[in-house]
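S.K.: The structure's right below; bear with me while I get my questions together.
The values are calculated or read from the model by the stated rules, or taken from the named source; none is laboratory data. This structure is a prediction, so every number in the text was calculated from the model and none was measured. Please note: Cβ atoms are built from the backbone with ideal geometry, for glycine as well, and neighbour counts cover all protein chains shown. Note: accessible area is taken over every heavy atom of the protein model, side chains too, but ligands, DNA and RNA are not part of it. Shrake-Rupley method; radii C 1.70, N 1.55, O 1.52, S 1.80 Å.
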Amino acid sequence: MELKDVSETMAKLKVDGKEIEVPDHFSLLQACEEAGAEIPRFCFHERLSVAGNCRMCLIEVKGGPPKPTASCAMGVRDIRGGPNGELPEIFTNTPMVKKAREGVMEFLLINHPLDCPICDQGGECDLQDQAMAFGIAGSRYTENKRAVEDKYIGPLVKTVMNRCIHCTRCVRFTTEVGGISELGLIGRGEDAEITTYLERAMTSELQGNVVDLCPVGALTSRPFAFTARPWELGKTESIDVMDAVGSAIRVDTRGREVMRIMPRVNEQVNEEWISDKTRFIWDGLKTQRLDRPYVRRDGRLQPASWGEAFAAIRTAVTVTPGNKIGAIAGDLASVEEMYALKELIRSLGSENLDCRQDGTALDPSLGRASYLFNPTIEGIEQAGALLLIGANPRFEAAVLNARIRKRFRRGNFPIGVIGEQTEMRYAYDYLGAGPDTLADIASGANSFVEKLRGAKNPMIIVGQGALARPDGAAILSAAAQLAGSVGALTAEWNGFGVLHTAASRVGGLDLGFVPGANGLGASDMLSAMDVVFLLGADELDFSKKTAKFTVYIGSHGDQGAHHADVILPAATYTEKSGIWVNTEGRVQMGNRAGFAPGDAREDWAILRALSDVLGHKLPFDSLYALRKALYAAYPVFAEVDAVAPGSVDDVARLGQMQGEMTRAGFASPIKDFYLTNPIARASAVMAECSALARNNFQAAAE
């Protein structure tokens, strides 16, 4: 969906003699950069409010006061031209500017410790770079440096507060973007220091972003501390699969090992933020790994060769009729492996396919718009009002929640919530717990419907807490009907959005990885099938499992592997190139950063080899050939980094289906933000965060 451009008033000025034209809301710093001048800065950040306290961005304004000016705190509107109509003029490289910046840098380094050789920021430190470019060769300061006690702010962010230069980026981030005032600056002068107010760990799901924001080594990654230098690492651009947002990430590796995960800028999706689960999951990539095939013999899983594992599967499949064979795709599966598994299962004469482990009431036969986040993530900023139905974006999609908060901070944005009453990081109207409230709003009995009707671009987000239940289809229809009645479905704006929690879900629905006319769903397969293939499916209720033979294709020794009869070791998302489709329907390509351990192989290659053994050889021998067949069958996947919009008519038809809703309240499917998938459950860092979150919750309850 295209968003309308907001008209901007432009202003002309000169920078170092070069005439430029920029929007008149630009700061002088942004105008200088538009002209190609390099302006040093520590406190200024494009996505945070202006603090103006480091004074490193000094420039000279012609006709202004006879002293340097902080370019971040002065706007283009604030400077005047000459008396005869000359353009306003600023300079970034005069002797006055050079001397002023040298003085500021010398002042900053007065108390900064000389510990660059042991500092984790070394090699990517703004202070190092700018001291070289804009500082002087020595220091005239000979007194002792001040010392500040380190603070414990949690298991994710390490503090060395002697290095802090009080830029307050971390304070502004937690308050403005994170939505919780957990850091602040106390004291004055030499006693000033950044600290948590109550000397306790931070609780934000986005706190790791302060590591990227800190321009010095005061806040660094605790799990990454003292493990590697930036220049030792190979860097691979990829896509995150910890939730359905599809954040752009960079995977840093040394040899075969993932050392850290960093965000990449993607204005349409995650801007430059990522959640803590995305950033700190990497230690789970190497623990609890499946690195060789296993076959269950005498009631125990025992190591086997690929040939033995395939032979065991062939023995089971050949004596089983097609209608007794099923396949379930997990939440982290890529499109390629789901496509390969679908083709294999169909060739065996089965229609028992499902990518919806949680049983959510979404079906591709209802049209693509029925299961997409149609307004798009960037489109949240165009919304005029928001209704959340059975969704808790703070835990289900932390980065998307930050976008909602960004729109909330601009003002005039009423938010209503039907479901659990929890802390969302922004103020909202709590309307009720379940379907009864939704019916009241639809009938006009609840006044919030007038806020939706009166808003330009109203928006309704339906979460899996409302859809993954027996009456999910009726709730989906009621929400779609409400969207139509409040004006959220127009030619210019589709305000009906489904918020997914699984990275593989939209891709699976686009593929049609759902039961055929006579097929069974995921929950029924475990008890009704004789042979079940689990493609990384671990979030099922295995207490109901009565299937005679289960094949698990996955990377970690989680629930699925424990209940399997044959285990085929596969690759994680950092060990394969794959396509994922995020909650808004954006097709994204992840790249391989390393190789799977031991005998583990990429999932599609395992399925291709298995198909040969089963006598139903898949028609591709390479990833290129697989994608060629995939694009031919499903052209939507060929448009990488594009969103093929769903039709408003699909949502309108969805609203006409109706159905009977129960009275039970909505509950978010995410009970523990840090432990939602096999990789997270294998991570020691995530386990520590989970324990800390539980303790904080219990303390708050008491």
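S.K.: So what's the projected area for segment 392-545, the Cα convex hull averaged over all directions, in nm²?
M.R.: 11.4
S.K.: What's the center-to-center distance, using Cα atoms, between segment 400-465 and segment 547-609 in Å?
M.R.: Cα centres, segment 400-465 to segment 547-609: 37 Å.
S.K.: May I pose another question? Could you list the residues of segment 541-584 with an amide nitrogen less than 19 Å from a label point located 7 Å from the Cα of Tyr624 in the Cα-to-C-beta direction?
M.R.: Inside the label zone: 576-579.
S.K.: Next question. Could you tell me what fraction of 2.2 N^0.38 Å the Cα radius of gyration of segment 175-230 comes to, as a two-decimal ratio?
M.R.: Normalised by 2.2 N^0.38 Å, the Cα Rg of segment 175-230 equals 1.27.
S.K.: With N set to the residue count of segment 231-294, report its C-alpha Rg divided by 2.2 N^0.38 Å to two decimal places.
M.R.: 1.21
S.K.: Another question, if that's okay. Express in % the proportion of alpha carbon pairs of segment 631-689 at distances exceeding 18 Å.
M.R.: More than 18 Å apart: 70 percent of the Cα pairs in segment 631-689.
S.K.: For the chain, what does the relative contact order come out to in percent, with C-alpha contacts under 8 Å and a separation of six or more?
M.R.: Once normalised by length, the contact order is 14 percent.
S.K.: If packing is taken as the average number of other Cβ atoms within 10 Å across a peptide's residues, how do 114-121, 624-631 rank, most packed first?
M.R.: The densest-packed peptide leads the list: 624-631, 114-121.
S.K.: First obtain the Kirkwood hydrodynamic radius of segment 557-702 from its Cα pairs, then insert it into the Stokes-Einstein equation at 37 °C and 0.692 mPa s, and state the resulting D in µm² per second as a whole number.
M.R.: 165
S.K.: Ok, one more. Run a plain Debye calculation on segment 192-319 (Cα atoms as equal point scatterers, no solvent) and give log10 I(q)/I(0) at q = 0.22 Å⁻¹, rounded to two decimals, same order as the q list.
M.R.: Taken in order of the listed q values, log10 I(q)/I(0) reads -1.32.
S.K.: Can you give the convex hull volume per residue for the Cα atoms of the chain, as a whole number of Å³?
M.R.: For the chain, the hull spanned by Cα atoms encloses 179 Å³ per residue.
S.K.: With no solvent and one equal point scatterer per Cα, compute the Debye intensity ratio I(q)/I(0) for segment 319-372 at 0.20, 0.25, 0.29 Å⁻¹ and report its log10, rounded to two decimals.
M.R.: Per q value, in the given order, log10 I(q)/I(0) is -0.83, -1.09, -1.17.
S.K.: Okay, moving on. For Glu38 and Tyr197 in the same chain, what is the full-extension length gain: residue separation times 0.36 nm, less their Cα-Cα distance, in nm?
M.R.: Between Glu38 and Tyr197, full extension yields an extra 53.6 nm.
S.K.: Let me ask another. I'm a student and want to see the number: the projected area of the Cα convex hull of segment 261-310, averaged over all directions, in nm².
M.R.: 6.0
S.K.: What shape does segment 1-79 take by its C-alpha gyration tensor, where a ≥ b ≥ c are the square roots of the eigenvalues and a/c under 1.5 counts as rounded, a/b above b/c as prolate, and the rest as oblate?
M.R.: oblate
S.K.: Using packing as a proxy for protection, rank 384-394, 31-41 so that the peptide with the highest average count of other Cβ atoms within 10 Å comes first.
M.R.: Output ranking for 384-394, 31-41: 384-394, 31-41.
S.K.: Using a Cα-Cα cut-off of under 19 Å, which lysines could be cross-linked to Lys406, ignoring same-chain neighbours fewer than 8 residues away?
M.R.: Within the straight-line limit of under 19 Å, Lys406 reaches these lysines: Lys4, Lys456.
S.K.: Taking 1 over the mean of 1/r across every pair of different Cα atoms in segment 1-148, what Kirkwood radius in Å do you get?
M.R.: 17.1
S.K.: Starting from the Cα-Cα distance between Ala691 and Arg410, subtract it from 0.36 nm times their residue separation and give me the gain in nm to one decimal.
M.R.: Full extension from Ala691 to Arg410 adds 97.7 nm.
S.K.: If the limit is 25 Å between Cα atoms, which of Lys342/Lys545; Lys342/Lys671; Lys342/Lys576; Lys544/Lys671 go over it?
M.R.: Check vs 25 Å cut-off fails for Lys342/Lys671.
S.K.: Using just the C-alpha positions of segment 103-160 as equal point scatterers, what log10 of I(q)/I(0) does the Debye formula give at each q in 0.15, 0.23 1/Å?
M.R.: Relative scattering, expressed as log10 I(q)/I(0), comes to -0.55, -1.10.
S.K.: Rolling a 1.4 Å sphere over the protein heavy atoms, what is the accessible area per residue of the chain, to the nearest Å²?
M.R.: With the other protein chains kept in place, the chain gives 41 Å² per residue.
S.K.: Please give the contour-minus-distance gain from Val319 to Asp115: 0.36 nm per residue of separation, less the Cα-Cα distance, rounded to one decimal in nm.
M.R.: Value of the extension gain: 66.6 nm.
S.K.: A further question follows. Whole angstrom only: what separates the Cα centroid of segment 242-299 from the Cα centroid of segment 176-192?
M.R.: 32
S.K.: At a 1.4 Å probe, what is the % contribution of carbon and sulfur to the accessible area of segment 562-696?
M.R.: Roughly 53 percent of what the probe reaches on segment 562-696 is carbon or sulfur.
S.K.: May I ask you to list the lysines whose Cα is less than 19 Å away from that of Lys67, ignoring any residue fewer than eight positions away on the same chain?
M.R.: Counting by Cα, and skipping residues close in sequence, Lys67 has these lysines nearby: Lys14, Lys98, Lys99.
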